[in-house]
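Please read through the structure below; I'll follow up with questions.
Here, each number is a calculation from the coordinates, and none is a lab measurement. Fair warning: this is a prediction, and the values are worked out from it, not measured in the lab. Quick reminder, even Gly has a Cβ in these numbers, built from the backbone with ideal geometry, and neighbours come from all protein chains shown.
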Amino acid sequence: MPPLSPRLPTPPRPLRRLHLAVVGAGAAGLAAARELRREGHGVVVFERAASVGGTWIYTPSVESDPLSLDPTRSVIHSSLYSSLRTNLPRESMGFLDYPFDARRGGGDSRRFPGHSEVLRYLEGFAREFDLDRLVRFRTEVVTVAREEGKWKVRSRKVNGGGGDENEVYDGVLVCNGHYTEPRLAAIPGMDAWPGKEMHSHNYRSPEPFVDQVVVIIGNSASAVDISRDIATIAKEVHIASREPPHGTPIKEPGYDNMWLHSMIESTHRDGRVVFQDGSSVYVNVIMHCTGYKYHFPFLETDGIVTVDDNRVGPLYKHVFPPELAPGLSFIGLPWKVIPFPLFELQSKWVAGVLSGRIDLPTKEEMMEDAEAFYSKLENDGQPKRYTHNLSIFQFEYNNWIADQCGHLPVEEWRKEMYTATSKRRRAHPEDYRDEWDDDHLIAQAKEDFRKFL
């Protein structure tokens, strides 16, 4: 029997070099632009603002409609409030190969820095990888539509002049964020209730609430921050939560003027707000800290991609619509995650798929996977609006994408740091940003970062 011939290596496939559009120059758009260019693609990034940073660009301005329902209002993209600090430590927040080290910021060396430090980090990222020159600033995307196998993008300058510009691209990555279009709680009796109603999207500082009685709807990160911000100056703050502990109302520890309640039962013409726990209070302001809607007013897909109760779908792994892949993709839809590393990995995956280096399943297989995922959510009793809530599954998701890209798994210390921070935030909402017990994880992070710094 003749000896076996040595197995010859498979010749590399010729990679596609495509002309691609990215919508948005926030953290997701910057990550996408970098990975697309690394893969050899041509990239144009469209950004309505005058600089990079997306939702991390703070403005004291608020919208004319405090509920952001008026379609004629001048839309403010950012939802930042003046006092906002990150609710994740900087070590875990940074891109995988561009650490969020204090030296990369602008002077706020705290482990949980303010929003300005995050913006400076993103600006530094854009400079480091020469991304600014890819961005068309003050340019709004009006429509994105498929046309004869390509993607037609119509854009216009925000300040007018020059008319609309129509261009054709091989693909479009949607990176426009999801902290601009508020979701509101439905409350019986609001038509007759005489007080002020607003969404946290339009909250900036506590001063307007001096001596007011305020109800905050929600008990997630922004609600916790804003309620404590306002409590320093308001007469009373009442938090309405879907999942309160048994026996509410409960006075919040450390505050004489703040209580936790169950959800609002009804509101009344005399100014009262009645809670499901039976308590009631006369209220000046109701603030919805109830999250945001996914909103793609520019996207035309003939109903192929829809937003149904905040589920963007159908999507394969939260990124590709099976019917339109790989020409259309979404970066950054998942929430309750460490966002920047997730954006980076999603972008690596999309860039590799577009070049032909990474294969996707067939359209039918991707649709079957998406439908199986939706069925599991339904069987588990999860509402559609939680479709993109990854939470504890984010690391399994990240590592699956990393494997598709031939990238190393996300560092174990990052996962442990996220878990430790989440536990401490729930137990010590007042001081978790300034006191912690995971110094050993910080040491591991610094050791890993030495190769980059």
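Let me know the charge dipole size of the chain about its Cα centre in debye, to the nearest 20, where only the beta-carbon of Lys, Arg (+1) and Asp, Glu (-1) is charged.
The dipole of the chain has a size of about 1040 debye.
Another question, then. If you rank MET367, MET93 by fewest surrounding Cβ atoms within 10 Å, what's the result? Don't skip to the answer; put the middle values down first.
On the way: MET367 16, MET93 23.
The order, fewest Cβ neighbours first, is MET367, MET93.
Using Cα atoms only, what is the angle between the long axis of helix 412-427 and the major principal axis of the chain, expressed in degrees (0 to 90) to the nearest 10?
10 degrees
Near the amide H of GLU265, under 5 Å away, which other amide H atoms are found, from residues 5 or more places off or on another chain, if H is placed in the peptide plane?
VAL274, PHE275, GLN276
Here's something else I'd like to know. Would you mind ranking SER222, SER205 by Cβ crowding within 10 Å, fewest neighbours first?
Placing the least packed residue first, the sequence is SER205, SER222.
Separation between the ASP191 and THR232 pseudo-spin-labels, each 7 Å from Cα along Cα→Cβ, expressed in nm?
Each label point lies 7 Å from its Cα, and together they span 4.1 nm.
Mind checking which of ALA372, THR290, ALA27 is farthest towards the positive end of the chain's charge dipole, using Cβ charges of +1 (Lys, Arg) and -1 (Asp, Glu) about the Cα centre?
Projecting each Cα onto the dipole axis, the largest value belongs to ALA27.
Label-point separation (nm) for GLU435 and HIS246, each offset 7 Å from Cα along Cα-to-Cβ?
Distance between the two pseudo-spin positions: 2.9 nm.
Could you work out how far the C-alpha centroid of the stretch 189-232 sits from that of the stretch 382-429, in angstrom?
Comparing the Cα centres of the stretch 189-232 and the stretch 382-429, I get a distance of 30 Å.
Most exposed first by the Cβ proxy, i.e. fewest other Cβ within 10 Å, how do ILE187, ILE442, ILE392 rank?
With the fewest neighbours first, ILE187, ILE442, ILE392 line up as ILE392, ILE442, ILE187.
Take every Cα pair under 8 Å in the chain that's 6+ residues apart, average their separations, divide by the length, and report that relative contact order as a whole percent. Mind showing how you got there, number by number?
Numbers: 843 pairs, mean separation 77.6, N = 453.
Reported relative contact order: 17 percent.
Return the calculated 222 nm mean residue ellipticity for the chain, to the nearest 500 deg cm²/dmol, obtained by summing -39500 (n - 2.57) across DSSP H runs with n ≥ 4 and dividing by the residue count.
-8000 deg cm²/dmol
Determine the gain in length on full extension of the stretch SER422-VAL142; use 0.36 nm per residue of separation and subtract their C-alpha separation, reporting nm with one decimal.
On the way: separation 280, 0.36 × 280 = 100.80 nm, distance 3.89 nm.
Difference between extended and current length: 96.9 nm.
Using +1 at the Cβ of each Lys and Arg and -1 at the Cβ of each Asp and Glu in the chain, identify which of VAL75, GLN444, ALA126 lies farthest towards the dipole's positive end.
The Cα lying farthest towards the positive end belongs to ALA126.
Shifting gears a bit: Which value in Å is the Kirkwood Rh of the stretch 184-288 over different Cα pairs?
When all Cα pairs of the stretch 184-288 are included, the Kirkwood radius is 13.4 Å.
Stretched out fully, how many nm does the piece from GLU447 to ARG385 gain, at 0.36 nm a residue minus the Cα gap?
Gain on stretching GLU447 to ARG385: 18.4 nm.
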